[in-house]
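Trainee: Okay, here's the structure, questions in a sec.
Each reported figure results from applying straightforward, stated rules to the coordinates on display, with no laboratory input. This is a predicted model, so every value here is computed, not measured. Using ideal geometry, Cβ is built from the backbone for each residue, glycine included, and neighbour counts are taken over all protein chains shown.
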Amino acid sequence: MVAIHKALNECSAEHPVFYEDEVDIHLNPKIGAGWQLRGQQKRVVTPGQNEKYSLAGALHCGTGKVSYVGGNSKSSVLFIKLLKQRKAM
């Protein structure tokens, strides 16, 4: 914790500090609760395979600016893509 607090206190343009996280966004709708009259069956069309989209984002602890990238899977490739975007800024 001491190292984290030290890094946060020394955050500058030359030594930026970021909070980073990834998330999967499931694109297919969830089937929730429903009702139907007794003895009748409700037809529910489902899209099949669940599709998802992944995001990786970084929050600059000094400025509060958020940057993010997207991809088809949550992997090291997505994280490296985020790092390359941050380096280009």
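Trainee: How much net charge surrounds SER67 when only other residues with a Cβ under 13 Å from its Cβ are counted (Lys, Arg +1; Asp, Glu -1)?
Mentor: +3
Trainee: A further question on this structure: In sequence order, what are the phi-derived ³J(HN,Hα) couplings for region 5-16 according to the Karplus relation 6.51 cos²θ - 1.76 cosθ + 1.60 with θ = phi - 60°, rounded to whole Hz, with x for glycine and proline?
Mentor: Result, rounded to whole Hz: 5, 5, 4, 5, 5, 9, 4, 8, 5, 7, 9, x.
Trainee: Further question on the same structure: Going through region 9-89, which GluC sites (Glu not before Pro) have at most 11 other Cβ atoms within 10 Å and a DSSP loop state?
Mentor: Of the GluC sites (Glu not before Pro), the ones in loops of region 9-89 whose Cβ has at most 11 other Cβ atoms within 10 Å are GLU10, GLU14, GLU51.
Trainee: Oh, and also: Sum up the charges of everything whose Cβ sits under 15 Å from the Cβ of TYR19, counting Lys and Arg as +1 and Asp and Glu as -1, but leave TYR19 out.
Mentor: Charge balance near TYR19 sits at -1.
Trainee: Now for a different question. From the phi angles alone, apply the Karplus equation (6.51, -1.76, 1.60; θ = phi - 60°) to region 27-43 and give each ³J(HN,Hα) in whole Hz, x where the residue is Gly or Pro.
Mentor: Ordered by residue, 3J(HN,Hα) equals 8, 7, x, 7, 8, x, 5, x, 9, 7, 4, 4, x, 10, 9, 8, 8 Hz.
Trainee: Roughly what angle does helix 76-88 make with the longest principal axis of the chain, taking Cα atoms, 0 to 90 degrees, to the nearest 10?
Mentor: 50 degrees
Trainee: Who wins for biggest fluctuation among HIS15, HIS26, HIS60 in a Gaussian network model of the chain, springs between alpha carbons below 10 Å?
Mentor: Its mean-square fluctuation being the largest, the pick is HIS15.
Trainee: Taking the highest mean first, how do the peptides 30-39, 76-85 order by number of other beta carbon atoms within 10 angstrom per residue?
Mentor: In decreasing order of mean packing, 30-39, 76-85 become 76-85, 30-39.
Trainee: Choose one answer from TYR53, TYR68, TYR19: the residue with the largest mean-square fluctuation in a GNM of the chain with alpha-carbon springs under 10 Å.
Mentor: In this elastic network of the chain, the residue with the biggest mean-square fluctuation among TYR53, TYR68, TYR19 is TYR19.
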